[in-house]
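S.K.: Pasting in a structure now, in structure tokens, and then I'll have a few things to ask.
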Amino acid sequence: MSAALLIIDMQVGLCTGDEAAFAVDNLIARINDLAAKARKAKAPVIFMLHEESAGTLVYETEGWRLSPDLTSAPEDIHLRKKTPNSFHQTDLHALLQQHGVTRLVVCGQQTELCLDTTVRQALPLGYQVTLVKDGHSTCDNGILTAQQIIAHHNQLLQYMGGFGVGVEVVEASSVTFQ
């Protein structure tokens, strides 16, 4: 099973200031470790960058750029997206097929938005998903804390089934790319 690392929305506008995700510095360190493991295994490392027409994530503004604390290599792939679904109107699915990828290791943010939507779309497309339990984050939403949202999605998404593939939820330290 060929794996790829999918890193969602780790951008300056979501990693700093008022919109910074919960424990984002620890998240960035874990993602850098995962990316190093993926590169060592020759697995594709794909960064998804969300963009909006107004606000913090306008294309090519400082807020839209990857967090400078993330390690990116020349062989890494950067794709733009305009919806929470990393597959919708992007080249992600074609790119994964081109690389023979059958398993996605998913991390990034926002847990209940782009990460959740992308995981749910990956399954009917036939991708086995490894959700990095300590590799995604979000912000408090006024009803739930970020920690509650993260725990809820770690619990919920592992039960997504019926597609012939599923979601395994594992700690970053246990992720492999074989």
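Results for (1) in contact with a helix residue (DSSP H, G or I) (Cβ under 8 Å, 6 or more places away or on another chain); (2) open to solvent by less than 30 Å² (accessible area, probe 1.4 Å); (3) modelled with pLDDT under 95, shown as yes or no for each residue.
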| position | (1), (2), (3) |
| --- | --- |
| ASP69 | yes, no, no |
| CYS107 | yes, yes, no |
| LEU123 | no, yes, no |
| GLY126 | no, no, no |
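S.K.: Which count do you get for residues in segment 138-178 that are more than 30 Å from GLY100 (Cβ to Cβ) and surrounded by 12 or more Cβ atoms within 10 Å (Cβ to Cβ)? Steps first, answer last, please.
M.R.: Residues of segment 138-178 that are more than 30 Å from GLY100 (Cβ to Cβ), as a first pass: 138-152, 155.
Subset that is surrounded by 12 or more Cβ atoms within 10 Å (Cβ to Cβ): 138-141, 144-152.
Going through segment 138-178 one residue at a time, the tally reaches 13.
S.K.: May I ask you to say which residue of VAL101, VAL129 is among the β-branched types (Val, Ile, Thr), closer than 24 Å to PHE22 by Cβ and touching a strand residue (DSSP E or B) at 6+ places or on another chain (Cβ under 7 Å)? Give the derivation first.
M.R.: Numbers: VAL101 fails: closer than 24 Å to PHE22 by Cβ.
Result: VAL129 is the single residue among VAL101, VAL129 that is among the β-branched types (Val, Ile, Thr), closer than 24 Å to PHE22 by Cβ and touching a strand residue (DSSP E or B) at 6+ places or on another chain (Cβ under 7 Å).
S.K.: Next question, about the same structure. Got at least one residue in segment 24-38 being among the basic types (Lys, Arg), under 18 Å from the mean Cα position of the chain (by Cα), under 27 Å from ALA3 (Cβ atoms) and crowded, with 16+ Cβ neighbours inside 10 Å?
M.R.: Our first condition is that a residue be among the basic types (Lys, Arg); within segment 24-38, this holds for 30, 37.
Restricting the remaining residues to those that are under 18 Å from the mean Cα position of the chain (by Cα) gives 30, 37.
Next, only the ones that are under 27 Å from ALA3 (Cβ atoms) stay: 30, 37.
From what is left, the residues that are crowded, with 16+ Cβ neighbours inside 10 Å are 30, 37.
Yes, because at least one residue in segment 24-38 is among the basic types (Lys, Arg), under 18 Å from the mean Cα position of the chain (by Cα), under 27 Å from ALA3 (Cβ atoms) and crowded, with 16+ Cβ neighbours inside 10 Å.
S.K.: Scan segment 21-45 for residues that are touching a strand residue (DSSP E or B) at 6+ places or on another chain (Cβ under 9 Å) and in a loop (DSSP other than H, G, I, E, B) and jot them down.
M.R.: Residues satisfying the conditions are ALA21, PHE22, ALA23, ALA41, ALA43, PRO44.
S.K.: In segment 39-66, how many residues are in contact with a helix residue (DSSP H, G or I) (Cβ under 8 Å, 6 or more places away or on another chain) and open to solvent by 70 Å² or more (accessible area, probe 1.4 Å)?
M.R.: Residues flagged as in contact with a helix residue (DSSP H, G or I) (Cβ under 8 Å, 6 or more places away or on another chain) and open to solvent by 70 Å² or more (accessible area, probe 1.4 Å) within segment 39-66 amount to 2.
The rows are residues; the columns are (1) over 24 Å from GLY166 (Cβ atoms); (2) without any contact (Cβ under 8 Å) to a residue 24 or more places away in the chain; (3) under 12 Å from the mean Cα position of the chain (by Cα); (4) part of a strand (DSSP E or B).
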| site | (1), (2), (3), (4) |
| --- | --- |
| ARG80 | yes, no, no, yes |
| VAL101 | no, no, no, no |
| GLN121 | no, no, no, no |
| PRO124 | no, no, no, no |
| GLY135 | no, no, yes, yes |
| CYS139 | yes, no, no, no |
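S.K.: ALA151 is checked against (1) out of contact with any Lys or Arg (no Cβ under 7 Å at 6 or more places or on another chain); (2) among the hydrophobic types (A, V, I, L, M, F, W, C); (3) in contact (Cβ under 8 Å) with a residue 12 or more places away in the chain and fails just one. What number does that condition carry?
M.R.: For ALA151, the failing item is (3).
S.K.: LEU6 is checked against (1) open to solvent by 20 Å² or more (accessible area, probe 1.4 Å); (2) assigned to a strand (DSSP E or B) and fails just one. What number does that condition carry?
M.R.: Here LEU6 meets the rest and fails (1).
S.K.: Same structure again: Before we move on, is ASP69 out of contact with any Gly (no Cβ under 9 Å at 6 or more places or on another chain), of a type in the set (D, E, K, R) and outside any loop (DSSP other than H, G, I, E, B)?
M.R.: On the way: out of contact with any Gly (no Cβ under 9 Å at 6 or more places or on another chain): yes; of a type in the set (D, E, K, R): yes; outside any loop (DSSP other than H, G, I, E, B): no.
Answer is no for this residue.
The values are calculated or read from the model by the stated rules, or taken from the named source; none is laboratory data. Predicted model, so just to flag it, every value in this text is computed and none were measured. Using ideal geometry, Cβ is built from the backbone for each residue, glycine included, and neighbour counts are taken over all protein chains shown. What goes into the accessible areas is simple: the full protein's heavy atoms, side chains included, and nothing from ligands, DNA or RNA. Shrake-Rupley method; radii C 1.70, N 1.55, O 1.52, S 1.80 Å.
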